[in-house]
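Beneath this line is the structure, given in structure tokens, with notes to follow.
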Amino acid sequence: MTSNPFPRLTGSADVSVRPAQAGDAAAIARVQGVTWRTAYRTLLPAAVLDEWDEAAVADSWLAAVTAPPSAGHRVLVAVERDAVVGFAAVATGPEAAEISTLLVEPRWGRRGHGSRLLAAVTDLASADGTTRLEVWLAESDQASADFYESAGWAPDGWARTLDTGAAPLRELRWHVELGEEDADR
């Protein structure tokens, strides 16, 4: 009997990214709520978190998955084993694609789920002929800025301030230009 040279890898998790399905809406809302309450609790106004309605958010995600506003609007989920652990929403267009959100539940972080979601979004954008990806990040969200910067993204100089109903939230737009290597994937 031979011993496994990689004992810690025995039974390692099955991980993937796939298009979201209607049955994922509640899990997407859960991931968003948990992530906002933990990783983003210092970035978002307390009133926004206090008024969180997971059922209403799940209904919104169900609509985004089952009746997107255009063919370019897509929602992807990151899965570990059978659990939805993260998600991304993107809208592609001929010139640019915008990631409206890319979140991984903190307890599932640092396992490559965010990178897999970002790679899948890049693949979709490239397949649609998009040459630029954009995302808006809270100015104080250093963790997300570090993540995107490590993937070759940079701020492009645009800023906006959102009215959250409680306090203004300043965001910076980050971007990456897709090259031929992205189109060849």
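If we scan the stretch 47-54, do we find a residue that is among the small types (Gly, Ala, Ser), without any contact (Cβ under 8 Å) to a residue 12 or more places away in the chain and either touching a strand residue (DSSP E or B) at 6+ places or on another chain (Cβ under 8 Å) or more than 17 Å from Asp141 (Cα to Cα) (or both)?
no
Is there a residue being within 21 Å of Ala22 (Cβ to Cβ) and in a strand (DSSP E or B) anywhere in the stretch 108-127?
Looking for residues that are within 21 Å of Ala22 (Cβ to Cβ) and in a strand (DSSP E or B), one finds none in the stretch 108-127, hence no.
Taking the stretch 116-126 on its own, how many of its residues are among the small types (Gly, Ala, Ser) and over 11 Å from Leu178 (Cβ atoms)?
2
Among Leu162, Leu118, which is the only one that is surrounded by fewer than 16 Cβ atoms within 10 Å (Cβ to Cβ) and either of a type in the set (A, V, I, L, M, F, W, C) or farther than 20 Å from Ile28 by Cβ (or both)?
Testing whether each residue is surrounded by fewer than 16 Cβ atoms within 10 Å (Cβ to Cβ) and either of a type in the set (A, V, I, L, M, F, W, C) or farther than 20 Å from Ile28 by Cβ (or both) leaves just Leu162.
Run Leu137 past the list (1) of a type outside the set (Asp, Glu); (2) within 14 Å of the chain's Cα centre (by Cα); (3) within 17 Å of Arg41 (Cα to Cα); (4) not in a strand (DSSP E or B) and report the number of the one that doesn't hold.
(4)
Only one of these is surrounded by fewer than 17 Cβ atoms within 10 Å (Cβ to Cβ) and under 17 Å from the mean Cα position of the chain (by Cα): Ser60, Ser70. Name it.
Ser60
Can you tell which of Val79, Val176 is of a type in the set (Val, Ile, Thr), closer than 21 Å to Ala27 by Cα and in contact (Cβ under 8 Å) with a residue 40 or more places away in the chain?
Result of the check over Val79, Val176: Val79.
Please determine, by comparing only the residues of the stretch 126-152 that are farther than 17 Å from Ala91 by Cβ and hydrophobic (A, V, I, L, M, F, W, C), which one is surrounded by the fewest Cβ atoms within 10 Å (Cβ to Cβ).
Going through the stretch 126-152, the residues farther than 17 Å from Ala91 by Cβ turn out to be 138-152.
Next cut, hydrophobic (A, V, I, L, M, F, W, C) only: 138, 143, 145, 147, 151.
Details: Ala138: 17, Ala143: 12, Ala145: 18, Phe147: 18, Ala151: 15.
Going through the qualifying residues, I end up with Ala143.
Throughout, read-outs are computed from the coordinates displayed, never taken from laboratory work. Owing to the predicted nature of the structure, the values given are computational and were not obtained by experimental measurement. Here Cβ is always computed from backbone atoms with ideal geometry, including for glycine, and neighbour counts include all displayed protein chains.
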